[in-house]
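Participant: Handing you this structure, nothing more for now.
The values are calculated or read from the model by the stated rules, or taken from the named source; none is laboratory data. Since we're looking at a predicted model, the values are computed, not measured. Cβ sites come from the backbone with ideal geometry, for glycine too, and all protein chains shown count toward neighbours.
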Amino acid sequence: MTVGVAKHRELGLTDSEYDLIVEKLGREPNDVELAMFSLLWSEHCAYKHSRKLLRRLPTEGERVVMGPGENAGAVDVGGGYAVAFKVESHNHPSAVEPFQGAATGVGGILRDVFALGARPIAILDSLRFGELDSVRSRHLLDGAVRGIGHYGNSIGVATVGGEIYFEPPYEHNCLVNAMCVGLAKTEEMVRAAAAGVGNAVVLMGASTGRDGIGGASVLASAELGDGDDAKRPTVQIGDPFEESKVLECCLELLGKGLLVSLQDLGAAGLTSSAGEMASAGGVGIDIDVARVPLREADMEPFEIMVSESQERMLAVVEPSRVDEVLAVCEKWQTESAEIGVVTDSGQVRVLRDGEVVGEMPVEALVDGCPLYDLDPAEPDGWIYGNRQTLDPGATAGETLLALLSSANVASKRWAFEQYDSVVGSRTVRRPESADAAVLQLPEAGSAIAVSIDGNGRRVACDPYAGTVEAVLECAQNLACVGAEPLGLTNCLNFGNPEKPAGAWQLDRAVSGLADACEALGVPVVGGNVSLYNEGPDGPIYPTPVVGLVGELPDPERACGSAFASEGDAIALLGPFQPSLAGSELAKLRGELEMGLPQSDIAAVAAACTTVREAVRAGKLSSAHDVSDGGLACALAESAIAGDLGCRVDLSPLLDRSISSEEALFGEGRGGFVLSGERAALESLASNATEVLILGEVGGEKIEVTTGDASLAIGLVEAERAWNAISRAIAL
Amino acid sequence: MIWGVLQFPGSCDERDALHACSLLGEARLIWHEERDLGGADAVVVPGGFSYGDYLRAGAIARFSPAMEAVAEFAAAGGPVLGICNGFQVLCEAGLLPGALLRNEDLRFTCRQVELQVGHLNLPEETQVSALPGGTLSIPAKHGEGRYWAPEEMLDELEANGQVAYRYAPGHNPNGSARDIAGVRNKAGNVVGLMPHPEHAVDPLTGSTDGLRIFEAVAAAGAPA
């Protein structure tokens, strides 16, 4: 059977890619083969526009247990345990159907983690939407938050942190990135490589239906546009109950040593799972689609091979253990079927009742996709537009209130209260109580901290500097709770890499990520790339989202961000050089343009070390990094959280040739707001790290003196502004 | 004392409940297909989404073999504690009065709440009302926790002292009738509540107030 030229284009393959497939097969592919190639050669699966760039990232470190290429990365946390983690996007499905898109995003990342044999212990999510005054954005936001809660709450994994930003470029193309952290006994972890010719291939979990067909190619690897409603059938439907059973079933199977290897079925379904397992193991694989349990009887072989039905896992099992495996599946009411066999053919063969309906070399299918060089060119100025929402004549006090009530700075209580943050009895620091989530690991005798960050607007201003900042922000958040970074995961959400501006953003961002990780000595153990995030109005802000996992010896000493004691001194520590470029204030004033100051990575790293050691030594009452909205917002957040006012004088900053406005609202990396005994704070100063005593905790106002722009805002008024959105949504 | 903690497909908080019980005695999981409670002196029906909460929260779990055994155990005076989904299961099974409806704002809510406690079967000096603050600080997390019963039944529950736990003023997260967070049966040996005492047994994770609730359950089953 031959296929017309139009068909491969419809499936997202270029003419030259099609010719290459014909060359590798020595013939025209049939429908089954073409469908399988189109998915595995999609951007989503083959990383064809990003793989060359990703080679720049440092991936090795003493504590790395599993690195890129596995279902998730993992680092050693001592005591014979490893922590596995990964962040992944589910952007386009969420833009088309936010509830199911976000829910299945969570389901997918959970499977990636338990496929390694790790029990998921925490979820974090990083979300981006258009502005809240848009009906579409509120619809997407509401659906995505409910979807994340629906899945995470039902399956019993705590959602412990995350971030949400609202910016116009995400209006049509929201971002839903979910990160999962899991805990495993290192010796019980498994890799996703098929091995042992003659071993059985067992499919477990939900039956296979027509949902999600073409999700990876049609939806994830193309720009969004008009008529996307028609793509709704390509969005998968999640069932957390099914996943809960599959999860327990898989962990029991791995605990009993019954599996040779395990892989989840995600994008491109059976095609990618079978192909990637065979590729990793250097073997071949036969799959008989007639043995796959189906939801609909009349499914075609290609549909079965590419279905993205959720809650399915693929395992390789020694023939003598198959019965035991099926018995455990039965206990957990998990459907299972032996659907194939590991071969030495080097081919992925698709059979129907024994008759071959597709046969492709594993190498061609999985690793044969051409990798492309980008053609980057810096855009000519700021391409995203501006809109002014704050009166330029606003006083410093009015400006602070406007910032505190802006959706990006305001409390996210309205969102995180919809998530179970305590299940599992590990959550030592809950959302918004500290800069990073802290989880105790009693079985390993340690604790970890996790943070997820990335400010797309600042990356748009300077993709290199903005991405460096994302890594540094995570590192600062970890330092605030006394944690030292162990490993990093990332999700690169960008526009169309085939356009010069998109290529330039991606290229610069990856360099920033690589340089920051290198300088901090943090290995990148996994990640995900989501390209073609563009709507009718243009590309999203380039948004690298960074997830960082670190360890801390004593979770009890993890600092919160709240001021704790009247009379404590307040200090600003670190190489903080605030600027209004790319800041929240510049956004509100409609003054965004290209350019950001570059961070001094080594100096920020030194400040992180100082803060980390001070937290571990129990010297501080609170620690909070200076971030969105600048120093004034950081002070206000610590004051509101502690229900304690503060009196500070920023004039020491003005001596650094910083203006009053920059001192109050300017942004940039490296600043920590610390409180504690004055002598303890002063003792943190060193040649490498400057400490400025700014004032003290106390009173019922946030009072900031700074040259010509002083302000005094009542704590109650500040709290009302910061919680305005939570109150409005709670109604 | 041996605690048995039920485990259904879709349970989420059973391991946390098991841990909490192990602080007070021996604790074992009881698989939903078991008819034998394994010699347990007290039973916890834990939180989560048993059977995916399909049909209605707790509606399917109540028909499990283990729940049949729990009903017999309760009828014989054995102490039973239902937490969140477990409370829903006990109401569905008719072991406790009333029903749990969707939260007033139709959203799942997770937050620390303060609970007022009526008279517990504990020594006077350890009554919660005698403690500083007089309330228990415990997390609540659910989407279907709005306690409901007909007015006359609510009056009767109050009159009989069956309102075991009440949200302190301003802490009702779900619109429950009369701020009711938990109720007990007439005999006093079966109690259910929406907040999660098993998540309040460790100072590191926020509070140890939940232990009082487990202690009260244990005392309810102790020989007179």
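Participant: Does segment A:370-389 contain any residue that is modelled with pLDDT under 95, surrounded by fewer than 20 Cβ atoms within 10 Å (Cβ to Cβ), of a type outside the set (S, T, N, Q) and under 28 Å from A:Gly152 (Cβ atoms)?
Facilitator: no
Participant: Go over the candidates A:Leu664, A:Leu654 one by one and state the one that is modelled with pLDDT under 95 and not acidic (Asp, Glu).
Facilitator: Exactly one of A:Leu664, A:Leu654 is modelled with pLDDT under 95 and not acidic (Asp, Glu), namely A:Leu654.
Participant: All but one of (1) at pLDDT 95 or above; (2) surrounded by 24 or more Cβ atoms within 10 Å (Cβ to Cβ) hold for A:Ala95; state the number of the condition that does not hold.
Facilitator: Failing condition for A:Ala95: (1).
Participant: Could you list, in sequence order, all residues of segment A:146-170 that are more than 9 Å from chain B (Cβ to nearest Cβ), buried (at least 22 other Cβ atoms within 10 Å of the Cβ), part of a helix (DSSP H, G or I) and in contact with a Phe, Trp or Tyr (Cβ under 9 Å, 6 or more places away or on another chain)?
Facilitator: A:Gly147, A:Ile148, A:Gly152, A:Pro169, A:Tyr170
Participant: Can you pull out every residue in segment A:232-251 that is modelled with pLDDT under 90, in a helix (DSSP H, G or I) and either surrounded by fewer than 20 Cβ atoms within 10 Å (Cβ to Cβ) or within 14 Å of chain B (Cβ to nearest Cβ) (or both)?
Facilitator: Correct list: A:Arg232, A:Pro233.
Participant: Also, quick follow-up: Considering every residue within segment A:425-433, establish whether at least one is within 14 Å of chain B (Cβ to nearest Cβ) and surrounded by fewer than 16 Cβ atoms within 10 Å (Cβ to Cβ).
Facilitator: The initial filter retains those residues of segment A:425-433 that are within 14 Å of chain B (Cβ to nearest Cβ), namely A:425-433.
Checking which are surrounded by fewer than 16 Cβ atoms within 10 Å (Cβ to Cβ) leaves us with none.
No, segment A:425-433 has no match at all.
Participant: Find the residue count for segment A:412-434, including only residues that are closer than 24 Å to A:Leu552 by Cα, part of a loop (DSSP other than H, G, I, E, B) and of a type in the set (S, T, N, Q).
Facilitator: 3
Participant: Go through B:Ala71, B:Ala59, B:Ala42, B:Ala27 for me and flag whichever is under 19 Å from B:Asn185 (Cβ atoms), of a type outside the set (S, T, N, Q) and more than 14 Å from the chain's Cα centre (by Cα).
Facilitator: Going through B:Ala71, B:Ala59, B:Ala42, B:Ala27 in turn, just one is under 19 Å from B:Asn185 (Cβ atoms), of a type outside the set (S, T, N, Q) and more than 14 Å from the chain's Cα centre (by Cα): B:Ala71.
Participant: Sticking with this structure for a sec: Look at segment A:608-630 and say how many of its residues are within 23 Å of A:Phe166 (Cα to Cα) and either β-branched (Val, Ile, Thr) or out of contact with any helix residue (DSSP H, G or I) (no Cβ under 6 Å at 6 or more places or on another chain) (or both).
Facilitator: Adding up the residues that qualify gives 2.
Participant: So which residues in segment B:178-201 are more than 11 Å from chain A (Cβ to nearest Cβ) and of a type in the set (Gly, Ala, Ser), if there are any at all?
Facilitator: B:Ala181, B:Gly182, B:Ala187, B:Gly188, B:Gly192
Participant: Name the one entry in A:Ala688, A:Ala721, A:Ala641 that is in contact (Cβ under 8 Å) with a residue 40 or more places away in the chain, in a loop (DSSP other than H, G, I, E, B) and among the small types (Gly, Ala, Ser).
Facilitator: None of the other options fit; the residue is A:Ala688.
Participant: Say whether the condition of being more than 14 Å from chain B (Cβ to nearest Cβ) and under 30 Å from A:Val362 (Cβ atoms) is met by at least one residue in segment A:117-139.
Facilitator: yes
Participant: Okay, next question. Answer yes if at least one residue in segment A:595-607 is under 22 Å from A:Leu390 (Cα atoms), in contact with a helix residue (DSSP H, G or I) (Cβ under 9 Å, 6 or more places away or on another chain) and not acidic (Asp, Glu), and no otherwise.
Facilitator: yes
Participant: Right, next: Within segment B:183-198, identify whether any single residue is of a type in the set (D, E, K, R) and over 28 Å from A:Pro442 (Cα atoms), and answer yes or no.
Facilitator: Yes; the residues of segment B:183-198 include at least one that is of a type in the set (D, E, K, R) and over 28 Å from A:Pro442 (Cα atoms).
Participant: Is one or more of the residues making up segment A:463-482 touching a Ser or Thr at 6+ places or on another chain (Cβ under 8 Å), in a loop (DSSP other than H, G, I, E, B) and within 14 Å of another protein chain (Cβ to nearest Cβ)?
Facilitator: So far as segment A:463-482 goes, no, none of its residues is touching a Ser or Thr at 6+ places or on another chain (Cβ under 8 Å), in a loop (DSSP other than H, G, I, E, B) and within 14 Å of another protein chain (Cβ to nearest Cβ).
Participant: Quick check on this structure: which one of A:Ala685, A:Ala623, A:Ala679, A:Ala639 is more than 20 Å from A:Pro597 (Cβ to Cβ), in contact with an Asp or Glu (Cβ under 8 Å, 6 or more places away or on another chain) and either among the small types (Gly, Ala, Ser) or modelled with pLDDT under 95 (or both)?
Facilitator: Within the list A:Ala685, A:Ala623, A:Ala679, A:Ala639, the selection yields A:Ala623.
Participant: Taking segment A:636-657, which residues are surrounded by 21 or more Cβ atoms within 10 Å (Cβ to Cβ) and out of contact with any Phe, Trp or Tyr (no Cβ under 9 Å at 6 or more places or on another chain)?
Facilitator: Filtering segment A:636-657 for residues surrounded by 21 or more Cβ atoms within 10 Å (Cβ to Cβ) gives A:636-642, A:644-646, A:648, A:650, A:653.
A:Val648, A:Leu650, listed by residue number.
Participant: Let me ask something else about it. Working only within segment B:105-122, note down all residues that are part of a loop (DSSP other than H, G, I, E, B) and either touching a helix residue (DSSP H, G or I) at 6+ places or on another chain (Cβ under 9 Å) or modelled with pLDDT of 95 or more (or both).
Facilitator: The answer is B:Asp105, B:Arg107, B:Phe108, B:Gly118, B:His119, B:Leu120, B:Asn121, B:Leu122.
Participant: Additional query: Under 8 Å between Cβ atoms, which residue pairs at least 6 apart in sequence (or on different chains) link something in segment B:83-96 that is in contact (Cβ under 8 Å) with a residue 12 or more places away in the chain with a partner that is of a type in the set (Lys, Arg) and not in a loop (DSSP other than H, G, I, E, B)?
Facilitator: Sorted first by the residue in segment B:83-96, then by its partner, the pairs are B:Cys84/B:Lys141; B:Val89/B:Arg62; B:Glu92/B:Arg62; B:Ala93/B:Arg62; B:Leu96/B:Arg184.
Participant: Just to verify a result, which residue in segment B:40-68, among those that are away from chain A (no Cβ under 12 Å) and in contact with a strand residue (DSSP E or B) (Cβ under 6 Å, 6 or more places away or on another chain), is surrounded by the most Cβ atoms within 10 Å (Cβ to Cβ)?
Facilitator: So, considering only residues that are away from chain A (no Cβ under 12 Å) and in contact with a strand residue (DSSP E or B) (Cβ under 6 Å, 6 or more places away or on another chain), the one surrounded by the most Cβ atoms within 10 Å (Cβ to Cβ) is B:Val45.
Participant: Now, a different point. Can we say B:Ala71 is surrounded by fewer than 22 Cβ atoms within 10 Å (Cβ to Cβ) and either within 14 Å of chain A (Cβ to nearest Cβ) or at pLDDT 95 or above (or both)?
Facilitator: Considered against the rule, which asks whether it is surrounded by fewer than 22 Cβ atoms within 10 Å (Cβ to Cβ) and either within 14 Å of chain A (Cβ to nearest Cβ) or at pLDDT 95 or above (or both), B:Ala71 comes out as yes.
Participant: Within the set of pairs 6+ apart or on separate chains, which have a first residue in segment B:202-214 that is under 15 Å from A:Thr427 (Cβ atoms) and more than 8 Å from every other protein chain (Cβ to nearest Cβ), a second that is surrounded by fewer than 21 Cβ atoms within 10 Å (Cβ to Cβ) and among the polar types (S, T, N, Q), and C-beta atoms under 6 Å apart?
Facilitator: B:Ser207/B:Ser137
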